[in-house]
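Written out below as structure tokens is the structure these notes cover.
The values are calculated or read from the model by the stated rules, or taken from the named source; none is laboratory data. Owing to the predicted nature of the structure, the values given are computational and were not obtained by experimental measurement. Using ideal geometry, Cβ is built from the backbone for each residue, glycine included, and neighbour counts are taken over all protein chains shown. Only protein heavy atoms, including side chains, enter the accessible area calculation; ligands, DNA and RNA are left aside. Shrake-Rupley method; radii C 1.70, N 1.55, O 1.52, S 1.80 Å.
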Amino acid sequence: MKLASIFSPYMVFQQNEVFSVWGNSCNKTIKAKLVNLVSLVEISPLNINLDGGDFKISFPPLKGSFDSYSLRITSDNESIEMSPIYCGDLFLFTGQSNMSISLSMMEDKEKSIRNIKDKELFVLNLIDEDVTKEGYINRPIKPKKDICEKCKWEKLRGDVLLKSSALVSMTLERLCPNLNYPLGAISASTGGISIDSLLDENTIENAPEIKSYLLSSGKYIEDKSRWNSFGPGNYTQQSGFYNEKIAPLKGLKFKSIIYYQGENSCFDFASGQYFKKALTSLIYSYRDYFEEEIPFVVLGIADEYYPYGDGCGLFYIQEAISSLSIKDVYYVPVFDIYPKWLVKDGNQVDHPIHTVSKGEVASRIAFILERNVYGSNEFNYPFVKDIKIERNSILLELDIKDDELELGKEYFGFTIANEDKVFYLAKAISIEPKKIRIYSPYVRKPIYFTYAFTHYSYLCDCRSVKGYPLSPYRNFYSEVDRKLFDLDYIISGLRFPSIMENNFGASVGGGFDVPTFEMGEYIRNQTETINVQDGELRCLTSITNDSYFYSSIAFNLGLSGCFHRLAYYPYLAIDIKSNRSISFMGALFRINGNIYKFNSSSKEVAAAYKTFYLDLNNVLDGSEGQVKIDKSLIESLSKIEFYFHADKAKKANIWIKNIRICKQNEKQREEDDDKIIDSTLQLPGR
């Protein structure tokens, strides 16, 4: 007689639900009882089913408490005792690497270790079962009836706590102080898996759009004889993860399922559409499989530059997750949490997409569970409820639970566009407790808008008074044209002196604050300070004969995958003023070891702001001769350097604002008065 491996001492079974155990036995008769080891009260089973060599025993619902139980199963000549086990709340956590990354990798792990020390928290970590000597992970082709025999329930302590998922441990840590019974979690997550590996075969076969996408992307295995023949790709075969980790859990009852996955799908618009359909199917299929309307908590994913696909896949996945509209499915935003990728302890984090500050994410999961699963009030993070198109602006009405906006507050992160879908950085001001007006002087008849549809989304700051972040949103649903992505408005909006790089690999960033503006490199200048505040840059520089009376400021165009459009538009405009008489010469840049420049249309900088235009179609070399540079090389520029000249040595304050790409310069606009609309492109496209 043998119990299924999913049952072992320290298990937590779901309170107020029928508790079932199963296994196999050759015996024709079986008896069972559940004994409260504190009160010694015996609980008899509701029923015992025998089917050939399999048995299933069900006990009546019990109220959660810190009392421990013993499960005793006997037959004529055999017996099983499983003790201690507990009645409390059981959660299923599933997803990929940002769900599975361990507490040992976290920057604030010591705090969690202290808080969990004396708590009744338990975990079942589902490890990968079939690992080859080459390190490949094979997956079962059909759903398994049981988990790997090596997996056992454990108390969250010591090494178990450190190796367990940070989000699992930290979420339970934040929930337990308000509950009078133990908490348990099944942790079923693995890095790098795609959502199709979490779907069961029937769901895929009965969803033509899902199957079609998998076929077109080469991820559908039509010839099952090829199963586990993909080497490193075996671990994420369609339905493979489901067959191994999810299918054996049938018969268990859960308080909630927490899902954190999507990085693997950050590819393009089609992958975003597919992901939303797949995630919707996953939720409904899991509810059918576990035979109850389990509440789902679905997390957005961390802001990161994914270099594959069209470079915009992150936005589509954030959009897919935040726009879910399914009963008892609760979205937890992550995009606005400052990404930290490095623990300063001398150890190297294995991959920079794994944020090491999961505490705030865990707090939001716990908050959502407390409000929606434990509480009676349905809570959602703020989202756009209604849109009213006005003459020169768009009025947004937000759905905000138990809170409101601060009146008159201006928010950063909105864009707005006319019918042509050329987007501009928008002014966004709260005019009522739940209403925001957005507008731009460059958009006369606004139709479209976006919020947080950009890299560095953690800098988008629309929050309620209590700090609830507005969910990412755009009021149209179509593919992004990369050519419409400008100098990212996070950068050209001149609000942030540095940006946290979070690229793939330490060689291109990996988690460091990188200056947006810095002292120039091509000009040997004496720049003393560079400050950015309220959309304006101020530079104090000493112009001396040592640098031939030149000075410069370097501007990072593309931090972590932001796209500029220097290759696609004829002018770059910049507003400049200075307290001293100096000349603005233009912009320098380097290609293949040579320095080139875009000349400025005018030179003299005045005490009041003046707009200068750089001719992007007229590239000059060091001898002022015009040269032809391939557009693809211009497109790939990562930095340009604005440089200035003085007639003699002096100290000067230089102010810069409103950096933008234009279709027309000032003279062309004056000659074409009937086209009043400013064609300046200030921020990322749709």
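Tell me which residues, restricted to region 457-479, are farther than 20 Å from residue 324 by Cα and either free of Cβ contacts under 8 Å to residues at least 24 places away in the same chain or basic (Lys, Arg) (or both).
Just the residues of region 457-479 that are farther than 20 Å from residue 324 by Cα, to begin with: 458-467.
Answer for region 457-479, where residues must be farther than 20 Å from residue 324 by Cα and either free of Cβ contacts under 8 Å to residues at least 24 places away in the same chain or basic (Lys, Arg) (or both): 463, 466, 467.
Could you tell me which of the residues 427, 434 is farther than 30 Å from residue 266 by Cα and open to solvent by 50 Å² or more (accessible area, probe 1.4 Å)?
Details: 427 fails: farther than 30 Å from residue 266 by Cα.
Matching residue, one of 427, 434: 434.
State whether the residues of region 351-373 include one that is at pLDDT 90 or above, over 21 Å from residue 91 (Cβ atoms) and open to solvent by 60 Å² or more (accessible area, probe 1.4 Å).
No, every residue in region 351-373 fails to be at pLDDT 90 or above, over 21 Å from residue 91 (Cβ atoms) and open to solvent by 60 Å² or more (accessible area, probe 1.4 Å).
For region 441-471, give me each residue that is assigned to a loop (DSSP other than H, G, I, E, B) and in contact with a Cys (Cβ under 8 Å, 6 or more places away or on another chain).
Of all residues in region 441-471, those assigned to a loop (DSSP other than H, G, I, E, B) come to 441-447, 452-456, 460-462, 464-468, 470-471.
Scanning region 441-471 gives 452, 454, 455, 456, 470.
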Does at least one position in region 76-93 carry a residue that is within 19 Å of residue 190 (Cβ to Cβ), modelled with pLDDT under 95 and of a type in the set (A, V, I, L, M, F, W, C)?
no
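Would you tally the residues in region 176-186 being surrounded by fewer than 24 Cβ atoms within 10 Å (Cβ to Cβ) and either out of contact with any Leu (no Cβ under 6 Å at 6 or more places or on another chain) or of a type in the set (Phe, Trp, Tyr) (or both)? First the steps, then the outcome.
As a first pass, look at region 176-186 and keep what is surrounded by fewer than 24 Cβ atoms within 10 Å (Cβ to Cβ): 176-181.
This time we only want the ones that are either out of contact with any Leu (no Cβ under 6 Å at 6 or more places or on another chain) or of a type in the set (Phe, Trp, Tyr) (or both), so: 177-181.
Adding up the residues that qualify gives 5.
Suppose we keep only residues that are touching a strand residue (DSSP E or B) at 6+ places or on another chain (Cβ under 9 Å) and under 20 Å from residue 523 (Cα atoms) within region 613-629. Which one would you say is surrounded by the fewest Cβ atoms within 10 Å (Cβ to Cβ)?
Filtering region 613-629 down to residues touching a strand residue (DSSP E or B) at 6+ places or on another chain (Cβ under 9 Å) leaves 613-622, 624, 626-629.
Add one more test, that the residue is under 20 Å from residue 523 (Cα atoms), and what stays is 614, 619-622, 624.
Values: 614: 24, 619: 19, 620: 15, 621: 13, 622: 11, 624: 8.
Here the residue is 624.
Got a number for residues in region 330-350 being modelled with pLDDT under 90 and open to solvent by 10 Å² or more (accessible area, probe 1.4 Å)? Reasoning before the result, please.
Step one: list which residues in region 330-350 are modelled with pLDDT under 90, which gives 338-350.
In the following step, the residues that additionally are open to solvent by 10 Å² or more (accessible area, probe 1.4 Å) were identified as 338, 340, 342-350.
Adding up the residues that qualify gives 11.
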List every residue pair whose Cβ atoms sit under 9 Å apart, with the two residues 6 or more apart in sequence or on different chains, where the first one lies in region 410-421 and is closer than 15 Å to residue 388 by Cα and the second, anywhere, is of a type in the set (D, E, K, R) and open to solvent by 10 Å² or more (accessible area, probe 1.4 Å).
416/427; 417/686; 418/444; 418/445
Exception for residue 608 within (1) open to solvent by 20 Å² or more (accessible area, probe 1.4 Å); (2) in contact with a Leu (Cβ under 9 Å, 6 or more places away or on another chain) falls at (2)
Looking at region 571-605 only, could you name the residues that are touching a Phe, Trp or Tyr at 6+ places or on another chain (Cβ under 9 Å), open to solvent by 20 Å² or more (accessible area, probe 1.4 Å) and either more than 20 Å from residue 653 (Cα to Cα) or aliphatic (A, V, I, L, M) (or both)?
571, 585, 590, 595, 596, 597, 601
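Just checking, which of 442, 456, 451 is surrounded by 20 or more Cβ atoms within 10 Å (Cβ to Cβ), of a type in the set (Phe, Trp, Tyr) and more than 25 Å from the chain's Cα centre (by Cα)? Spell out how you get there, then give the answer.
Details: 456 fails: more than 25 Å from the chain's Cα centre (by Cα); 451 fails: more than 25 Å from the chain's Cα centre (by Cα).
Going through 442, 456, 451 in turn, just one is surrounded by 20 or more Cβ atoms within 10 Å (Cβ to Cβ), of a type in the set (Phe, Trp, Tyr) and more than 25 Å from the chain's Cα centre (by Cα): 442.
Output the residues belonging to region 66-75 that are open to solvent by 30 Å² or more (accessible area, probe 1.4 Å) and either modelled with pLDDT under 95 or farther than 27 Å from residue 41 by Cβ (or both). Outline the logic, then answer.
Taking region 66-75 and keeping what is open to solvent by 30 Å² or more (accessible area, probe 1.4 Å), we get 66-67, 72, 74.
The answer is 74, and nothing else.
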Testing residue 467 on (1) under 26 Å from the mean Cα position of the chain (by Cα); (2) within 10 Å of residue 415 (Cα to Cα), one condition comes back false. Which one is that?
(2)
Residues of region 36-65 being of a type in the set (A, V, I, L, M, F, W, C) and either surrounded by fewer than 16 Cβ atoms within 10 Å (Cβ to Cβ) or under 45 Å from the mean Cα position of the chain (by Cα) (or both), which ones?
37, 38, 40, 41, 46, 48, 50, 55, 57, 59, 62
Filter region 293-323 down to the residues that are more than 15 Å from the chain's Cα centre (by Cα) and modelled with pLDDT of 95 or more, then identify the one that is most open to solvent (accessible area, probe 1.4 Å).
293
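On the given criteria, is residue 244 outside any helix (DSSP H, G or I), of a type outside the set (Ser, Thr, Tyr) and over 26 Å from residue 367 (Cα atoms)?
Details: outside any helix (DSSP H, G or I): no; of a type outside the set (Ser, Thr, Tyr): yes; over 26 Å from residue 367 (Cα atoms): yes.
No; evaluated as a whole, the condition is false for this residue.
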Kindly indicate the residue of region 210-225 that is surrounded by 16 or more Cβ atoms within 10 Å (Cβ to Cβ) and assigned to a helix (DSSP H, G or I) and also farthest from the chain's Cα centre (by Cα) among those meeting that condition.
211
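Kindly indicate whether residue 282 is closer than 30 Å to residue 182 by Cα, touching a residue at least 12 places away in the same chain (Cβ under 8 Å) and open to solvent by less than 40 Å² (accessible area, probe 1.4 Å).
Details: closer than 30 Å to residue 182 by Cα: yes; touching a residue at least 12 places away in the same chain (Cβ under 8 Å): yes; open to solvent by less than 40 Å² (accessible area, probe 1.4 Å): yes.
Yes: the conditions hold for residue 282.
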Taking residue 249 and the conditions (1) within 19 Å of residue 198 (Cβ to Cβ); (2) open to solvent by 10 Å² or more (accessible area, probe 1.4 Å); (3) in contact (Cβ under 8 Å) with a residue 12 or more places away in the chain; (4) not β-branched (Val, Ile, Thr), which numbered condition does it fall short on, given that it satisfies the others?
(2)
Lone unmet requirement of (1) out of contact with any helix residue (DSSP H, G or I) (no Cβ under 8 Å at 6 or more places or on another chain); (2) buried (at least 23 other Cβ atoms within 10 Å of the Cβ) for residue 106:
(1)
Residue count for region 529-570, restricted to those that are open to solvent by 10 Å² or more (accessible area, probe 1.4 Å), charged (D, E, K, R) and either closer than 17 Å to residue 639 by Cβ or in a loop (DSSP other than H, G, I, E, B) (or both)
1
Quick one: count up the residues across region 268-306 that are touching a Phe, Trp or Tyr at 6+ places or on another chain (Cβ under 6 Å) and within 22 Å of residue 480 (Cβ to Cβ).
5
Kindly evaluate residue 361 against the criterion of being touching a Lys or Arg at 6+ places or on another chain (Cβ under 7 Å) and in a helix (DSSP H, G or I).
no
Can you tell me which of 634, 659 is in contact (Cβ under 8 Å) with a residue 60 or more places away in the chain and either part of a strand (DSSP E or B) or within 21 Å of residue 539 (Cβ to Cβ) (or both)?
659
Those residues that are touching a helix residue (DSSP H, G or I) at 6+ places or on another chain (Cβ under 6 Å) and closer than 29 Å to residue 176 by Cα, I need them from region 124-145; list them, please.
126
Members of region 126-173 found to be under 30 Å from residue 223 (Cβ atoms), within 27 Å of the chain's Cα centre (by Cα) and open to solvent by 30 Å² or more (accessible area, probe 1.4 Å), listed by number
127, 128, 137
